[in-house]
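Readers should treat all values here as calculations from the given coordinates under stated rules, not as data from a laboratory. Keep in mind the model is a prediction, meaning the values are calculated, not measured. Don't worry about glycine lacking a Cβ; one is built from the backbone with ideal geometry, like all the others, and counts go over all protein chains shown.
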């Protein structure tokens, strides 16, 4: 049994609390399911450890001394706090309360995470959720620092020792206004985009890095003069006629796409892998585990869509 400083044990404090509550040894012993002699010994050891009498005893009654009365208030407060802590753990385990913080790519937030929240909030209204949009580097840094429970996004060298598990992959494709002829071409390769104005994402994003590493990308894709930090801005730039762009299939399902068109690239075949990102040797809280499972189920519902490749379930 854990022992407090000065050889105070939880058993002794529990005995002291019960005798103080009952005002007698016999009923306190019955409540604790121990013999009266064992209870008396616990009280004796406690008084010896603290160096003063806590009870005034007569042949018929047991009353707290002034020191005992003051100590009982502290003990009761400590037990109340401990009992509340145990209740809180029970609430967490039963999903009655909890807070989940997730960092993810914009398309993951909009397409995978937000759609699962209405049902989750209806069933578990006590769970709070913070969703943070960030780049691949930012997600890795947030997870590594413990600022979020887990991340969802692409791998990044800043992740270091982080644990990653495949979640879903999606294929790159062209986003353009509906009147763009390339959307209806029998075959679409990256070289076909060379003659079109191109707008891209900033170079700290996983999408931009994938395009830079892909073979056969024309110069206007690699050295575009106009870059955006997130998909909604990128789609608005396309909508305004500033150019076409290339994004993965999951990103093309972002609500910001609106009336724009999407067409998968035939070549090169580029897959973006979306990962579940966690700190090593850190178990998810019950609430975080619940949201993670809902995320996996949402991924499975989208697996049959064009350009989506379901990875083995990480849970």
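Taking the empirical scaling 2.2 N^0.38 Å for compact globular proteins as reference, the stretch 171-271 has a Cα radius of gyration ratio of 0.93. Between residue 259 and residue 33, residue separation times 0.36 nm minus the direct Cα-Cα distance comes to 74.1 nm. Between residue 61 and residue 81, the simple spin-label model (points 7 angstrom out along Cα→Cβ) gives 3.3 nm.
Modelled this way, with points 7 Å down the Cα-to-C-beta line, the labels at residue 187 and residue 242 are 3.4 nm from one another. Return the FRET efficiency for the residue pair residue 22, residue 49: r is the Cβ-Cβ distance, R0 is 25 Å, and the value is rounded to the nearest 0.05. E(calc), rounded to 0.05, equals 0.70.
Working note: 222 nm ellipticity from helices only, DSSP H runs with n ≥ 4, each -39,500 (n - 2.57), summed and divided by the residues of the chain, gives -11500 deg cm²/dmol to the nearest 500. Residues considered: 35, 203, 245. Largest GNM mean-square fluctuation over the chain, using C-alpha springs under 10 Å, is found at 35. Considering Cα pairs under 8 angstrom that are at least six residues apart, work out the relative contact order of the chain and quote it in whole percent. It comes to 21 percent, rounded to a whole number.
Relative to the longest principal Cα axis of the chain, at what angle does helix 36-50 sit, 0 to 90 degrees, rounded to 10? It is inclined by approximately 80 degrees. Between the entries [x] 31.0, 103; [y] 23.4, 82; [z] 25.3, 73, the label attached to Rg and Dmax of the Cα atoms in Å calculated for this structure is [x]. Could you pull out which residues in the stretch 175-205 have an amide N less than 12 Å from a spot 7 Å beyond the Cα of residue 227, following the Cα-Cβ vector? So the set is 200-205. Using R0 = 30 Å, the C-beta based FRET efficiency linking residue 177 and residue 300 works out to 0.40. Under 18 Å from a point placed 7 Å out from the Cα of residue 194 along the Cα-to-Cβ direction: which residues of the stretch 141-184 have their backbone N that close? It comes to 182, nothing else.
Length gained on full extension, residue 74 to residue 130: 16.5 nm, using 0.36 nm per residue less the C-alpha separation. Sorting 272, 227, 281, 253 by the number of Cβ atoms found within 10 Å of their own Cβ, with the fewest placed first, yields 281, 227, 253, 272.
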